[in-house]
């Protein structure tokens, strides 16, 4: 499947402001970036770097006035996300070192608070993939997915108390529950084809059976259509922009995901 993704962020800058952006998807095992566009209006110097989680980030100073960031990419993705019921739990001593940080509590995923609940949710499940599947089923039946209901990141404890949340919130709780069972879990932010209403999307991955698998508690079935931009422990690591100085929020955010034919490029 070929997808054309785009994102346009418009800011009204009062004074010169440092930004760190994270808007470039990378090619990986389940996506190939065939074409990219990245425009800044007005144009300013940019330094690109790779963060601790392998995400492509851009540092810049936005000048006063209207500042616009436009990105687009043509991406080949798998038609269906890999699923592996029965994939086994990986013992901690056998985990790759790069995965170990995803076992620990983080700012929005207080996994040390969910051991009993996670054990109850996954009772009688095979350890590993099937436990994560049970967690996703519990999230779908217990936490109401309400797009647009939250404009700030909520922690897993807060989401569990409120019983409602956006995609980011359900991911935080799912990650915390997985980690409480010593299953590494990480947040992913990116695009999802067919999302309604269209916006940037968040889901999570769990490490079982020797690799990362995708899980999304906002969807009744796991299908193709995901394009990952960034990975991290929680929302604090995968913000598409961080601004430093007086608070600035995007005046406008436009996101589009279209299915295309490879003859179009």
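None of the figures in this text is laboratory data; all of them are computed from the coordinates on show. All values reported here derive from a predicted model rather than from experimental measurement. Note that each Cβ is placed from the backbone with ideal geometry, even for glycine, and that neighbours are counted across all protein chains shown.
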field: Filter result for residue 208 (crowded, with 22+ Cβ neighbours inside 10 Å and under 21 Å from residue 55 (Cβ atoms))
entry: no
One residue from 123, 98, 153 being closer than 22 Å to residue 230 by Cβ and part of a loop (DSSP other than H, G, I, E, B): 153
message: Checking the structure you have, find out if any residue of the stretch 82-95 is touching a helix residue (DSSP H, G or I) at 6+ places or on another chain (Cβ under 8 Å) and part of a helix (DSSP H, G or I).
response: yes
message: Could you go through the stretch 239-253 and let me know if any residue there is in contact with a strand residue (DSSP E or B) (Cβ under 6 Å, 6 or more places away or on another chain), in a loop (DSSP other than H, G, I, E, B) and within 28 Å of residue 100 (Cα to Cα).
response: yes
task: Go through the residues of the stretch 190-205 one by one and say whether even a single one is within 19 Å of residue 125 (Cβ to Cβ) and buried (at least 23 other Cβ atoms within 10 Å of the Cβ).
output: yes
Single residue of the stretch 175-189 satisfying the filter (over 12 Å from residue 233 (Cα atoms) and touching a strand residue (DSSP E or B) at 6+ places or on another chain (Cβ under 6 Å)) that is surrounded by the most Cβ atoms within 10 Å (Cβ to Cβ): 178
query: Is it the case that the stretch 28-41 has a residue that's exposed (fewer than 13 other Cβ atoms within 10 Å of the Cβ), in contact (Cβ under 8 Å) with a residue 24 or more places away in the chain and outside any strand (DSSP E or B)?
result: no
